[in-house]
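As structure tokens, the structure follows; a few thoughts come after it.
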Amino acid sequence: MNRLILEQALSALRTRWPEAKPCAAMILGSGWGAAVEIFRILDEMPYSCIPGLGTPEVSGHAGRLVLAEVEGLPVLIFQGRRHFYEGLGWEPVAVPVFISKSIGASMLLLTNAAGGIRADFRAGDLMILEDHIQQTGSSPLIGSHDPFWGPRFPDQTRIYDRELCTRLEQAGKEAGVRLSRGVYVAVSGPCYETPAEIRAFEQMGADAIGMSTAPEAALAHAAGLRVCALSCITNRAAGFSPAQLTHEEVTATMRAAMPRMQRLLAAFWKRHHEEERTPR
């Protein structure tokens, strides 16, 4: 990974917001963009102004970096993500994690849209990631070792922070939003999976599938950030649904689920703020 590109991205942020000290960060995946409406927005800048990040090519990703506040908590929000399948290498995927860690964030909340593998999942269900299966065929940590990302061989026994997962679960109860827990399998995309691949992933223990999140989670955990993640199940995966899979179905389901997602996130950030300021 090209460290110079990451440093240039960080420099652009510090030039725009020299006093910014967010203690947390969030990446909004496909269809999650309207979640910013629960925050008090202080300022924003387009991804195109951030070297190495660039403009997302996928609909449902606004491509804005937002400096915001919720419950008195300063938060850095990446409104849209870059994907490895866009063909620009791992740097656009790594930039949000690098910036978040470098500017002082201690935790990262990841969100995504996912296909449901588990039989009880229905469109619009929300899942807390307990673990993931990395099937992208590559890793952002390939290359010369950079100590910023921790040891050469980072442990991944517990990528998703237990305490943060519990806070998400508690926030769901407070907001009246039903949550499941499960394992997410990450593939490279951009093709949807074949029914045979889905059957194989089901046998491997995957509950939901998507084209993101696991690389960012692995990077963030290796760098020392606390990580939690949410999937919105937008459709049944290939072979479990009679309908043809389309991105339009994904975005339509996300729009319908957004009020519940906003309630959940509002309750989570409130609880997170209260827990973090309570002396231990």
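If packing is taken as the average count of other Cβ atoms within 10 Å, what order do 176-185, 262-271 fall into, highest mean first?
Numbers: 176-185: 19.0, 262-271: 21.0.
Descending mean neighbour count gives 262-271, 176-185.
Looking only at the chain, where both bridge partners belong to it, what percent of the DSSP beta bridges are antiparallel (to the nearest 5)?
Approximately 35 percent, going by the DSSP bridge assignments.
Using Cα pairs closer than 8 Å and at least 6 residues apart in sequence, work out the relative contact order for segment 180-228, in percent.
For segment 180-228, the relative contact order is 45 percent.
For the chain, what is the calculated [θ] at 222 nm in deg cm²/dmol (nearest 500), taking -39500 (n - 2.57) for each run of four or more DSSP H residues and dividing by its residue count?
-10500 deg cm²/dmol
Note down the net charge around R158, summing +1 for each Lys or Arg and -1 for each Asp or Glu among other residues with Cβ under 13 Å from its Cβ.
Residues near R158 contribute -3 overall.
Of all DSSP beta bridges in segment 98-211, what percent run antiparallel (nearest 5)? The partial results should precede the final answer.
Working: 2 of 14 bridges.
Within segment 98-211, antiparallel bridges account for around 15 percent of the total.
Quick check: the distance between the Cα centres of segment 6-33 and segment 123-155, to the nearest angstrom?
20 Å
Relative to the present Cα-Cα distance, how much length would full extension add between E249 and C191 at 0.36 nm per residue of separation?
My answer for the length gained is 19.4 nm.
Write down the Å³ per residue value for the convex hull defined by the alpha carbon atoms of segment 3-277.
In segment 3-277, the Cα hull volume divided by residue count equals 117 Å³.
Any idea how far apart Q203 and Y85 come out in nm if each label point goes 7 Å out from Cα toward Cβ?
The modelled label-to-label distance comes out at 2.3 nm.
List H145, H221 from most exposed to least, where exposure is judged by having the fewest other Cβ atoms within 10 Å.
H145, H221
FRET efficiency for R122 and E7, Cβ-Cβ distance as r, R0 = 41 Å, nearest 0.05?
Details: r = 44 Å, r/R0 = 1.08.
My answer for the efficiency is 0.40.
Run the numbers for S138 and A34: contour at 0.36 nm per residue of separation, minus the present Cα-Cα distance, in nm. Write down the numbers at each step before the final one.
Values: separation 104, 0.36 × 104 = 37.44 nm, distance 3.08 nm.
That works out to 34.4 nm of additional length.
Read the figures in this text as sums done on the coordinates, not as results from a lab. The model shown is predicted, which means the values in this text are computed figures rather than measured ones. Cβ: placed from backbone, ideal geometry, glycine included. Neighbour counts: every protein chain shown.
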